[in-house]
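One structure below.
The values are calculated or read from the model by the stated rules, or taken from the named source; none is laboratory data. All values derive from a computational prediction rather than experimental measurement. Cβ sites come from the backbone with ideal geometry, for glycine too, and all protein chains shown count toward neighbours. Note: accessible area is taken over every heavy atom of the protein model, side chains too, but ligands, DNA and RNA are not part of it. Shrake-Rupley method; radii C 1.70, N 1.55, O 1.52, S 1.80 Å.
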Amino acid sequence: MDVSVRQMTAADCAAVAEIRVRGWQFAYAGLIPQSYLDMMDIAADTERCRERHARGDPAVVGLVAERAGRPVGWASFGPYRDSDLPPTETELYALYVHPEHIGTGAGRALMQSILAHCAAAGKPRVRLWVLRDNARARRFYACAGFHADGAEELFEVEGVPVPEIRLTLPLPAPSRAGGQPPDPRSSNAGGAGS
């Protein structure tokens, strides 16, 4: 079945919260304390998602991957948040696929849409932070062309230090007339694997 990617709306908040929570619980099992993962609550995350969406930030883009009209993946990107680089840099904040849909093309469809959007907007590169020991995610990002740029940091989860590394992907110059980003609602990555 085809995967389509579109702009996230307020109506997607509950589905996005489930994707995010289930994605964390699947991806980070064994990497961060299980007690933290077990405490994650979809209803509470839905409310936080609705609050963030209502506040809005035109510089932040949220995308949803759907299959047969059902959201199965979510991504968010926008200006780089740390102070070591200018905010004109782009950061991929999150990319999660519901565990039942990992390996079905939803993640790849989201990544293709993100990179097309950023390249068409004239962004020079995309950066992201990934858990150093998250081998599955690191393989996924390596397949998309990302590489470690040498930056590392630790964050703590329930007192346990969790190392992260930063990955970077240089982007080609815009090729579309006028340099306008594509409309993510019309993006379609039919049947890609992963």
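Summary of values
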quantity: Cα shape, the stretch 33-121, gyration tensor, a/c 1.5 rule; calculated: oblate
quantity: Within the stretch 1-130: Cβ-based charge dipole about Cα centre, in debye rounded to nearest 20 (Lys, Arg +1; Asp, Glu -1); calculated: 320 debye
quantity: Probe 1.4 Å - accessible area at residue 19, Å² to nearest ten; calculated: 0 Å²
quantity: Most to least accessible of 38, 82, 45 (protein chains only, probe 1.4 Å); calculated: 38, 82, 45
quantity: Within a Gaussian network of the chain (alpha carbon springs, distance under 10 Å), most fluctuating of 16, 160, 72; calculated: 160
quantity: Antiparallel bridge percentage (DSSP; both residues within the chain; nearest 5); calculated: 90 percent
quantity: Global geometry of the chain, whether rounded, prolate or oblate, following the gyration tensor of its Cα atoms and the 1.5 cut on a/c; calculated: rounded
quantity: Solvent-accessible heavy-atom area per residue, rounded to whole Å², over the chain at 1.4 Å; calculated: 50 Å²
quantity: Cysteines without a disulfide-compatible neighbour (Cβ-Cβ under 4.7 Å), the chain; calculated: 118, 143
quantity: Pairs of Cα atoms farther than 13 Å apart, the stretch 74-135, %; calculated: 65 percent
